[in-house]
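**Q** Here's a structure for you.
The values are calculated or read from the model by the stated rules, or taken from the named source; none is laboratory data. Fair warning: this is a prediction, and the values are worked out from it, not measured in the lab. Note that each Cβ is placed from the backbone with ideal geometry, even for glycine, and that neighbours are counted across all protein chains shown.
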Amino acid sequence: MNNKVKSLVLALAFCGGNSSAAIAATSQPKEAGANSQEIPTQRLKTGLSLNTTAISPNSMQLSDTVGLTPVLERIQMLRQNNLQDVAVRQDLIEAKQEATFLIQKANLDIDFTVAAIMTEREVYQEILSTFISDRDKKVARINAISFISNGVLWTVNSALAIGSINTTYARNPKKCVNMTIPSGIVGIAAGIVPSVASMYTLKAVNGAKKTSEVEPNMLAKLFGYQTNPEIEYPKSVWNFLNQSPANEKTGKTRLDLIIDRWISDSNMSEFTDRHSKKQLDVLTASVAQEKGLTINSLTARSVMLQQLQAEVLKMKRMLLELNMVAQGEKQLVAQSNNLPRLR
């Protein structure tokens, strides 16, 4: 936001009688690059291809994370032996079952996380729908009052003007002047009332502002807030989020990259500083903040949870590739240079 736009926002807020909101809008803490990306893009990609025999480096990393790598290595080694041997076939069946159990466990960990996120999103969407509906009704009422008052006042103004014109100035010039004055006064009111209503509409368009609730959500742990069993992450998912993606040159974890994306997204004006306690208190629903629960904050929560859910679900793409290794459709070899994983 450049200086001209900031000045305009500040002026409008002052005109609407909301100077404190204007000051808050211009003094809100921001990181470098906050809200700078108008069209956000994906930051984390799996690098997975179903058309190769090797697996993606991220799938290899996930295999290590969930303890699947030794089992898959054993499966590949057993396949190289004589499968006509009953003992070898039995070992292979048991190894494949173990791999299936580990993949299923990781899948359930993902589902556990996604279920909690979706539950919270449903609640926020319900509250958000109510806020938006109330906002729209309020704006409609203001506009209706503005239009009706404008029409009535201009009608009165015209009536007074007609009365002034019909008065013969030569016979009674004093009466003519007396009719013109109220006509002008009503005309001024006809211009002022809609203008004031329009300024109030600028304020009303932001919707209601209520004290934020204290009901920590799935964003809480991401920012170091206290959690409870309902919003705890399974070990595999939490480890996945706190690992640096394979081939990530910056060394940042997936969680860091996700937060970077949220910060840079210009569509989330409520999140501009990952160290701002006031912002995080509201977004994580961990500490009550006066006037913290708004359309903007609820939208930011919903978007952040939705994107977090999408990133967690990407684990399933990698698990599919690992399952293909267990079934013999792929090899436990990283795609980069098609060389075996380094020990």
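**Q** Tell me the residue from 132, 117, 142 that is closer than 30 Å to residue 216 by Cβ, modelled with pLDDT under 95, under 44 Å from the mean Cα position of the chain (by Cα) and surrounded by 13 or more Cβ atoms within 10 Å (Cβ to Cβ), please.
**A** Selected residue: 132, the only one of 132, 117, 142 that is closer than 30 Å to residue 216 by Cβ, modelled with pLDDT under 95, under 44 Å from the mean Cα position of the chain (by Cα) and surrounded by 13 or more Cβ atoms within 10 Å (Cβ to Cβ).
**Q** Quick one: which residue in 75, 93 is touching a Lys or Arg at 6+ places or on another chain (Cβ under 9 Å) and more than 18 Å from residue 236 (Cα to Cα)?
**A** Among 75, 93, only 75 is touching a Lys or Arg at 6+ places or on another chain (Cβ under 9 Å) and more than 18 Å from residue 236 (Cα to Cα).
**Q** Considering only residues that are under 20 Å from the mean Cα position of the chain (by Cα) and among the β-branched types (Val, Ile, Thr), which ones fall in segment 222-236?
**A** Selection gives 231 alone.
**Q** Let me ask another. Does residue 274 satisfy the criteria of being basic (Lys, Arg) and under 22 Å from residue 57 (Cα atoms)?
**A** no
**Q** Being among the hydroxyl-bearing types (Ser, Thr, Tyr) and surrounded by fewer than 19 Cβ atoms within 10 Å (Cβ to Cβ) narrows it down to one residue among 286, 276; which is it?
**A** None of the others qualify; the one that does is 276.
**Q** Kindly indicate which of 290, 248, 270 is over 20 Å from the mean Cα position of the chain (by Cα) and closer than 19 Å to residue 29 by Cα.
**A** None of the other options fit; the residue is 290.
**Q** Quick check on my filter: what residues within segment 79-102 are in contact (Cβ under 8 Å) with a residue 24 or more places away in the chain and not aliphatic (A, V, I, L, M)?
**A** Answer for segment 79-102, where residues must be in contact (Cβ under 8 Å) with a residue 24 or more places away in the chain and not aliphatic (A, V, I, L, M): 79, 96, 98, 100.
**Q** Here's a follow-up. What pairs come out if I take residues in segment 213-234 that are in the same structural domain as residue 306 (by TED's automatic domain parsing) and pair them with residues that are among the basic types (Lys, Arg) whose C-beta lies under 6 Å away, six or more apart or interchain?
**A** 227/221
**Q** Sort out for me the helices (runs of 4 or more DSSP H) sitting completely within segment 221-285 that have 2 or more residues that are under 18 Å from residue 46 (Cα atoms).
**A** Fully inside segment 221-285 and qualifying: 235-241, 254-264.
**Q** Among the listed residues 182, 216, identify the single one that is in a helix (DSSP H, G or I) and at pLDDT 65 or above.
**A** Only one candidate passes the filter, namely 182.
**Q** Pick from segment 286-309 the residues that are part of a loop (DSSP other than H, G, I, E, B) and of a type outside the set (A, V, I, L, M, F, W, C): which of them is nearest to residue 208 (Cα to Cα)?
**A** 294
**Q** If you check 108, 83, which single one turns out to be exposed (fewer than 15 other Cβ atoms within 10 Å of the Cβ), hydrophobic (A, V, I, L, M, F, W, C) and not in a helix (DSSP H, G or I)?
**A** 83
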